[in-house]
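A quick write-up on the structure given underneath.
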Amino acid sequence: MERSDKKIYELGNVNEKTLRKLGRLLGQKLAGGEILLLFGNLGTGKTTFVKGMAEGLGINPDFVRSPTFTLINVYPGSRLQIVHADFYRLESEEEVEELGLEEMLDENSVLAIEWPEKAHLEGTKMLKIRLYYENELSRRLEIESNSDRLDGLLKEILSDLKTNTASSIDRR
């Protein structure tokens, strides 16, 4: 049996306010060079999460827009910038490569990608965030980390959440 180094956290009954707070807490703790892969159907809260993350990085969340038509939006912050990409309209991995995201990701940036299913992405500092529609007011999240540093960061953030979501966290 193969051993997995992946750590997965599940949060249920997450409303928009909590989703944004989670993003904000994460943004406050990011160091740069991280890649966030945001999975979820239309309307599950991917851009809402990025707005929270922007707020945590000192970026006005009102500037954050879904990059569905522009493909990439860059939001400079006081500490780090967010490179926010959306692969929804892309047809192939070649189109993803043409965007040149590798050149945009450095220790002063965080890369947040919506619809990452369209490309094969690897990284040592990566979070996979899966959002599921529960009902109009609630979402379920699965957050997967692939490094000890990100795992520690997630543990800190989740313990900081002072909402009902904190009681429904399940670590696999």
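The values are calculated or read from the model by the stated rules, or taken from the named source; none is laboratory data. Note that the structure is a prediction, hence the values are computed from the model and not measured. Glycine also receives a Cβ, built like all others from the backbone with ideal geometry; neighbour counts cover every protein chain displayed.
Odds and ends about this structure:
- Some residue of region 111-134 being of a type outside the set (D, E, K, R), farther than 20 Å from Gly56 by Cβ, free of Cβ contacts under 8 Å to residues at least 24 places away in the same chain and not in a helix (DSSP H, G or I): yes
- Residues that are more than 16 Å from Asp151 (Cα to Cα) and at pLDDT below 90, drawn from region 120-132: His120, Leu121, Glu122
- Strands (runs of 3 or more DSSP E) enclosed by region 22-97 - at least 3 residues per element that are closer than 17 Å to Leu154 by Cβ: 35-39
- Just one of the listed residues (Asn146, Asn108) is of a type in the set (S, T, N, Q) and surrounded by 16 or more Cβ atoms within 10 Å (Cβ to Cβ), namely Asn146.
- The set of residues in region 70-97 being modelled with pLDDT of 85 or more and more than 19 Å from Gly27 (Cβ to Cβ) consists of Thr70, Leu71, Phe87, Tyr88, Leu90, Glu95.
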